[in-house]
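Worksheet: one structure, shown below.
The numbers here are math on the coordinates, done by the rules we state, and not lab data. Keep in mind it's a predicted model, so treat the numbers as computed, not measured. Every residue, glycine as well, gets a Cβ built from its backbone with ideal geometry; the counts of neighbours run over all protein chains shown.
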Amino acid sequence: MDKEELFYKYLPIVERCVMRIKERIPAHVEADDLVNQGVIGLLDAIDRFDPQKGVPFPVFAEIRVRGAIMDYLRSLDWLPRSSRGRLKEYEEALKMLEQKLGREPTPKELGDLLGVDEEEVHRLELEVANQFFVSLATPIVESENPQTLLDVLAGDEEESPEAICERVETIELLAKAIDKLPERDQLLLSLYYRDNLTMKEIGRVLDISESRVSQLHSRALLRLKDEINNLSGRE
């Protein structure tokens, strides 16, 4: 199959990625702009694909498409600094209450600690979910050269044996961290990332609202990053 045939056969990957990402970001971001970036990612995947690596092309292509869209969105810097600070407070409050209570805190409990009402807590939870719309490109380990899930899964055709070994170790670390998550979090992440279901579809499977899925998704990712940092010996 030549490059042109590959492009048209897997172009739907771009549409699917845009659809999933668009539901997680502000309305003022144009879908057409995301499509253009996704097409660039698909073309890049076609040029860079190496079948000898053992990664199926659709998987590799989706990673590159997501990465291209993520780079574009990061360049827009659409999340205000004030919001970032508030989200950090929310994350810290969530972790503290989970440790203190030994369970997931209710919106009221979070609101009491943050000094806001439940409606504001729900807004913050949705903002956290929005912040993680580029989960594959979010650093999973805090360091001077943070690795992302995108880096781990995609690799690099110029990787040295040492880099390949490090990537394998990171994948193993990620697997161990996922195993430590509650079963509900594992199921949700599996439905979203492995089965490619949308938030709305996951809501139907779990019999909860789409906004609740979004909230649970953001909390699951926060827990995943914590587990990874704990297993890797980072605070």
Counting alpha carbon pairs within less than 8 Å and at least 6 residues apart, what relative contact order, in whole percent, applies to the stretch 1-78?
36 percent
For the pair Ile171 and Ala31, how long in nm is the line joining their label points, each one 7 Å along Cα→Cβ?
3.4 nm
So how do Thr106, Thr198 line up by other beta-carbon neighbours within 10 Å, fewest first?
Thr106, Thr198
Dividing the surface of the Cα convex hull of the stretch 1-78 by four yields a projected area in nm² of 5.1 nm²
Label points 7 Å out from Cα along the Cβ direction at Lys9 and Asn229: separation in nm?
4.3 nm
Could you give each residue of the stretch 85-94 its phi-based ³J(HN,Hα) in whole Hz, using Karplus coefficients 6.51, -1.76, 1.60 with θ = phi - 60°, and x for Gly or Pro?
x, 5, 5, 5, 4, 4, 4, 5, 5, 4
Using a 7 Å offset from the Cα along the Cα-to-Cβ direction at both Lys180 and Lys88, what is the distance between the two label points in nm, to one decimal?
2.3 nm
If we sort 66-73, 204-211, 224-231 on the protection proxy, mean other Cβ atoms within 10 Å, highest first, what's the order?
66-73, 224-231, 204-211
Which of the lysines could be linked to Lys22 by a straight reach, that is with a Cα gap under 22 Å, when you skip same-chain ones fewer than 8 residues away?
Lys200
Under the 0.36 nm per residue contour assumption, what length would be gained going from the current alpha-carbon distance of Glu201 and Gln99 to full extension?
33.6 nm
Using 10 Å bins from zero, what percent of all Cα-Cα pairs in the stretch 81-128 falls into each bin?
29, 59, 11, 0
